Every structure is written in C-alpha cells, then in structure tokens.
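K.L.:
Before I ask anything, here is the structure I am working with.
The values are calculated or read from the model by the stated rules, or taken from the named source; none is laboratory data. Quantities reported herein were computed from a predicted structural model and do not represent experimental measurements. Here the Cβ positions follow ideal geometry from the backbone for every residue, glycine too, while neighbour counts run over all protein chains shown.
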C-alpha cells in the first residue's frame, strides 16, 4: 500500500512537472530608468503582470544599471532557455541583435529599437501622434500662451515627443511659444528628479503654465514642481493623471504594456512573429488620457478639439511629422 501511494505521488509530481515544463519561459529586462519609474519601464511591467494574472505563467525580471550590462544579461537568460525575452529601451538594440544571432532559438521583443533577426520583434511607437494631441490640449489650456517641454536624455526619440507636441500646439494656435529643455545627454538623465524640477521652475519664471514631461524618473520632479506652483502638467508613457489630480492636464499614453502583453500571449498561443511594427493612434499604440483625475481641468471644448485631431490623424487628414525621418522638426 505504501509503495502504491509512493508511485501515485511520484506520478503526480511527474505530471505536475510536465505541465509546468510545457509553459513557455519569459523574462523582462528593464533599462536604466528602472522598473518603478512610474512611466516607460513600469508600463512594461504592468503588461507582463497582466499576462501573468490571466495565464498563471510567471516571468523573470532583470534590472540593468547601464546598457553595457545588457549583452551579458541577455546571454545568461538565453542560456537558461528562456523562450521570449523582452528588452525595454532603445539602448538594448545592439545587444539584442548580437545575442539573437548567437541564440536563434530564443525569441526577443525589443521596445523602442530595431534589431535584425527572424527571432526578433521590434516594436516602435508613433510618439509624435500622441504628443500632437497633448500639444493641442496644452495650447488650448494655456493662459499665458507659453507652454513647456522637458525631455530626459537628448536623443532623437525624445526629440520626436517634443516635435509632435510643438506641431499640435502650433496647429492649434500659431502664436503659442514652446520652451524646451533636456535633462542631459547620458542615461543618468532618466533618473534626476531634482534637475527635472529645477528646469520646470526655470520655465515657470519665463511664463510657462503647462509643461509636458517626457523624462522618465526625472519627470517626477517636473510634475512635483507643477503641483507646487499650481500649474498644469502632462504625463508620459503611463497614465500619470493620478499623481497630482487637478494639476495634471493629461498624459500621453504609450502602450508599452499592451505591446509586452500581446507578445507574451502570441508566444503562448503559438502565433508569435518577428519583424518590425509601428504603433500609432490607429493601432492603439498611443493616446491621450482623460479620466476622473483630470476631468475637472479638461473643458468640453478641449476634449472636442483633441478628439477631432485624433480622428483626423487616424483618417490621414493630419500628417504628423516624425522627427526621426530627417532628424529635424518642421516647426
């Protein structure tokens, strides 16, 4: 009897082990901004967590202190037979390309960058389209007709946010002045909230009353300064309206969470494909956020004008220039 029970127990363990082994293995590598940046990386984490909640399939998480560590981290994960690795941030592109070639059976999803290989899915966003919408909202909501932009690291990607924002504002009111600053030129620019706040206060002194912060963790300092001075802020990537209700005009939402969720789910369902995709308003990749936390500061007219612009972009009536196409902004 004891032997029979033991055999049944062993069989049960083998079945359980086999069921677990059948599940694909996933991993997420966050960039230097960190998982808890309340923005870009956190959005990726939320997408992976939603997948985990729905499927009961877990994932590994790794934080790199700098992009130079990424290749080693990717190689270690690939050696552990992780089926799909999500690399968050353009700075991981070269490392993904190198390791994808080295481990052709491992699949990779790269956010905000492009890497070659049939086993790589590169997901890019049309940030200029979502930024155009919040530019429209800023121009309509500014009393001083001076609006601000504070970016993190000075790179073409962040210039694209700024360019789209400027296009939307100027199309709404050609007399609006857009004052712009970048936190820095290295990855440290994503984690300097003190500098983000300092730049915001300097813009306020110049008459700015609405600021769009696309600066990762540094943007937290910008939005805190917005609250302290009683101005209006615009969040980025995640919906940050909840952070300072009444002082948040809106957020330019970039659906990194959905990109990660979709990629994980596609692999689980055997439908994953490599290649490069661009996600804009039409594809549900970007948008502006309107909810209970900013409803009080968004007038019916602003809502109407922003949604009209959104529809015009989706229909092709408005063409928003991507800064990265020629590394320059038309305005």
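K.L.:
Being outside any helix (DSSP H, G or I), crowded, with 24+ Cβ neighbours inside 10 Å and at pLDDT 95 or above, is that true of even one residue in the range 189-203?
P.N.:
No.
K.L.:
Which residue, of 309, 289, 326, is without any contact (Cβ under 8 Å) to a residue 60 or more places away in the chain and closer than 15 Å to residue 131 by Cβ?
P.N.:
Of 309, 289, 326, the one residue that is without any contact (Cβ under 8 Å) to a residue 60 or more places away in the chain and closer than 15 Å to residue 131 by Cβ is 289.
K.L.:
I need the full set of residues from the range 259-278 which are over 21 Å from residue 318 (Cβ atoms) and in contact with a strand residue (DSSP E or B) (Cβ under 8 Å, 6 or more places away or on another chain), in order please.
P.N.:
259, 260, 263, 264, 267, 272, 273, 274, 275, 276, 277
K.L.:
Against the condition over 18 Å from the mean Cα position of the chain (by Cα), touching a residue at least 24 places away in the same chain (Cβ under 8 Å) and more than 29 Å from residue 22 (Cβ to Cβ), how does residue 297 come out, does it pass?
P.N.:
When the stated conditions are applied, residue 297 passes them.
K.L.:
Does residue 318 fit the bill of being part of a loop (DSSP other than H, G, I, E, B) and not assigned by TED's automatic domain parsing to the domain that holds residue 106?
P.N.:
yes
K.L.:
Quick check on my filter: what residues within the range 101-122 are touching a strand residue (DSSP E or B) at 6+ places or on another chain (Cβ under 8 Å) and assigned to a loop (DSSP other than H, G, I, E, B)?
P.N.:
Selection gives 106, 112, 113, 114, 115, 117, 119.
K.L.:
Just one of (1) in a loop (DSSP other than H, G, I, E, B); (2) surrounded by fewer than 14 Cβ atoms within 10 Å (Cβ to Cβ); (3) in contact with a strand residue (DSSP E or B) (Cβ under 9 Å, 6 or more places away or on another chain) trips up residue 281, so point out which.
P.N.:
Of (1) in a loop (DSSP other than H, G, I, E, B); (2) surrounded by fewer than 14 Cβ atoms within 10 Å (Cβ to Cβ); (3) in contact with a strand residue (DSSP E or B) (Cβ under 9 Å, 6 or more places away or on another chain), only one is false for residue 281: (2).
K.L.:
If the requirement is being outside any strand (DSSP E or B) and free of Cβ contacts under 8 Å to residues at least 40 places away in the same chain, which of these qualifies: 175, 170?
P.N.:
175
K.L.:
When the residues of the range 234-265 are filtered to those that are crowded, with 21+ Cβ neighbours inside 10 Å and part of a helix (DSSP H, G or I), which remaining residue is nearest to the chain's Cα centre (by Cα)?
P.N.:
For the range 234-265, the residue satisfying everything is 256.
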